[in-house]
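Everything on this sheet refers to the single structure shown next.
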Amino acid sequence: MATLTQSSAGLLGLSMLDRIGNTPLVRLDRVVSHLPGIQILGKAEWVNPGGSVKDRAASAIVLDAQQRGLLTPGKHLLDATSGNTGIAYSMLGAAMGFPVTLCMPANVSPERKKITSAYGAHVIWTDPADGSDGAIRKARELARTEAEKYFYADQYGNQANWQAHYRTTANEIWQQTAGRVTHFIAGLGTSGTFVGTTRRLKELNPAIQCISMQPDSPFNGLEGLKHMATAIVPPIYDPALADRNLEMETEAAYSMAKRLARTEGLLVGISAAGAVAACLRIAEELAARGEEAVIVTILCDAADKYLSERFWED
Ligand code: PMP
């Protein structure tokens, strides 16, 4: 069977790490049915074992730290996260045998709190008013004052984050579209997904247009994303990479989430829906100019962690 692998040690089946990446590329037919010549395709990142795109960066960060002798037995992995990276670290810590301490704003969705604690991670809650910046400041403080206890993973500044997407996500997109991708669109959190995927895609074909998407304000409900003008700018972010940057309103993402659920049968998270809304804006512009396009985006996670949000109700 295709899903069975045999490792060099003769073991059958897939390990946790084997299950990360190689996600399907799904066609969003209904969203563009009025736009001939345009396709929108989304990487179904919820298929990853931790349920999000962040399994890629978290596993790359952990393996890199182990190889470099930074995450040694007895050390806790420490990082600031708004949720998905924390879930990925918690899952990897449980599977690979290292303790995990996370700094998270206290207003992350209740589902995220439950998942990280189910995996046995320790969470330090930070003031929601300070957003992800408050969690970053807390993690930096602990990394400084208790350096012997913690390996500070620093997803916002760790080069292994974007390199994961350079090595995997971009090459998967290139192969799955047989090199026909014309546009790549992704939301900005740490920016690892956008930076790594864009760097590799531009090497494969410099004509590919790479468009970043961020919330239109710091108070926007696009969980996992950052408004770069008002946040601590991630050290791995490179604004020069984007051909264009779109700002997305929470309401547009909510209404696209409902539309994807009801017309495509795809129950995706809010940042994924925001990314598709950005794809549709670009698609409409291109169609108005009579251009054809293969637009690829990242569907970061599924809706299960956001089902308690009120917008689904009407
Ligand atoms: N969407 C969601 C739901 C996320 O959790 C994240 C990561 N925080 C992103 C988008 C952004 O990904 P990245 O950190 O690679 O920019």
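The values are calculated or read from the model by the stated rules, or taken from the named source; none is laboratory data. Just so we're clear, the structure is a prediction, and the values are computed from it rather than from any experiment. Please note: Cβ atoms are built from the backbone with ideal geometry, for glycine as well, and neighbour counts cover all protein chains shown.
What to note about this one:
- Selection status of residue 191, of a type in the set (Ser, Thr, Tyr) and modelled with pLDDT of 95 or more: yes
- Residue, modelled with the lowest pLDDT, within the range 267-314, restricted to residues that are in contact with a strand residue (DSSP E or B) (Cβ under 9 Å, 6 or more places away or on another chain) and charged (D, E, K, R): 305
- Residue that is nearest to residue 282 (Cα to Cα) [pool: residues in the range 146-184 that are under 12 Å from the mean Cα position of the chain (by Cα) and either of a type in the set (A, V, I, L, M) or more than 9 Å from the ligand (Cβ to nearest atom) (or both)]: 169
- Residue 309 falls short on exactly one of the conditions (1) surrounded by 14 or more Cβ atoms within 10 Å (Cβ to Cβ); (2) more than 14 Å from the ligand (Cβ to nearest atom), and that condition is (2).
- Candidates in the range 53-103 are the residues that are in contact with a His (Cβ under 9 Å, 6 or more places away or on another chain) and without any contact (Cβ under 8 Å) to a residue 60 or more places away in the chain; of these, the one that is surrounded by the fewest Cβ atoms within 10 Å (Cβ to Cβ) is 99.
- For residue 279: the one exception among (1) surrounded by 22 or more Cβ atoms within 10 Å (Cβ to Cβ); (2) within 14 Å of the ligand (Cβ to nearest atom); (3) not small (Gly, Ala, Ser): (2)
- Test for residue 228: is it within 13 Å of the chain's Cα centre (by Cα), within 16 Å of the ligand (Cβ to nearest atom) and not small (Gly, Ala, Ser): no
- Filtering the range 199-214 to residues that are within 16 Å of the ligand (Cβ to nearest atom) and either touching a residue at least 40 places away in the same chain (Cβ under 8 Å) or out of contact with any helix residue (DSSP H, G or I) (no Cβ under 8 Å at 6 or more places or on another chain) (or both) leaves 199, 211, 213, 214.
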